[in-house]
């Protein structure tokens, strides 16, 4: 989250407000699709990778016990691989977690998605 967490890039600052949040509607449309998939329990485009525990090894999200965060791929049109865009959720239940974060640069920066 820009302003609150480290690792903010110009792209993340553009998507994030001054408080480090971003609106889901301001993100790529595939992010909205990914949130809907999370809330419905799938299916996911990369079932071996989506929903796995996100370790927060970069330390850019608030510290929590292992297993708190989970990651999901936000597909990038035209790519034949997962790309760099992810949504990270925090907390339980997995289908309605209290926290959603977006990264467009493979964990270099995050914004907390507001209003989800």
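Can you work out which of the residues in the stretch 17-43 that are in contact (Cβ under 8 Å) with a residue 24 or more places away in the chain and touching a helix residue (DSSP H, G or I) at 6+ places or on another chain (Cβ under 6 Å) is farthest from residue 110 (Cα to Cα)?
Applying the filter and picking the extreme gives 24.
Among the residues of the stretch 41-49, is there at least one that is modelled with pLDDT of 95 or more, out of contact with any strand residue (DSSP E or B) (no Cβ under 7 Å at 6 or more places or on another chain) and surrounded by 12 or more Cβ atoms within 10 Å (Cβ to Cβ)?
Yes, that holds for at least one residue.
Would you pick out the residues in the stretch 58-91 that are on the phi > 0 side of the Ramachandran plot and crowded, with 16+ Cβ neighbours inside 10 Å?
Pass one, the stretch 58-91, residues on the phi > 0 side of the Ramachandran plot: 59, 67, 78, 83, 91.
Correct list: 83 only.
Please go through the stretch 106-116 and pick out each residue that is farther than 11 Å from residue 27 by Cα and either in a strand (DSSP E or B) or touching a residue at least 40 places away in the same chain (Cβ under 8 Å) (or both).
Residues of the stretch 106-116 that are farther than 11 Å from residue 27 by Cα, as a first pass: 106-110, 112, 114-116.
Listed by number, the residues that qualify are 107, 108, 109, 110, 112, 114, 115, 116.
Taking the stretch 69-89 as the region of interest, how many residues are more than 16 Å from residue 31 (Cα to Cα) and in contact (Cβ under 8 Å) with a residue 12 or more places away in the chain?
So the answer is 1.
Kindly indicate whether any position in the stretch 25-33 is part of a loop (DSSP other than H, G, I, E, B), touching a strand residue (DSSP E or B) at 6+ places or on another chain (Cβ under 9 Å) and modelled with pLDDT under 95.
No, that holds for no residue.
Hey, residue 89 hits all of (1) modelled with pLDDT of 95 or more; (2) assigned to a loop (DSSP other than H, G, I, E, B); (3) touching a helix residue (DSSP H, G or I) at 6+ places or on another chain (Cβ under 7 Å) but one; which does it fall short on?
Answer for residue 89: the failing condition is (2).
If I filter the stretch 92-105 down to residues being touching a helix residue (DSSP H, G or I) at 6+ places or on another chain (Cβ under 7 Å) and not in a strand (DSSP E or B), which single residue comes out as surrounded by the most Cβ atoms within 10 Å (Cβ to Cβ)?
Only one residue fits best here, namely 104.
The values are calculated or read from the model by the stated rules, or taken from the named source; none is laboratory data. Computed from a prediction, not measured in an experiment: that's the story for all the values here. A quick note on method: Cβ atoms are made from the backbone with ideal geometry, for glycine too, and the neighbour counts reach across all protein chains shown.
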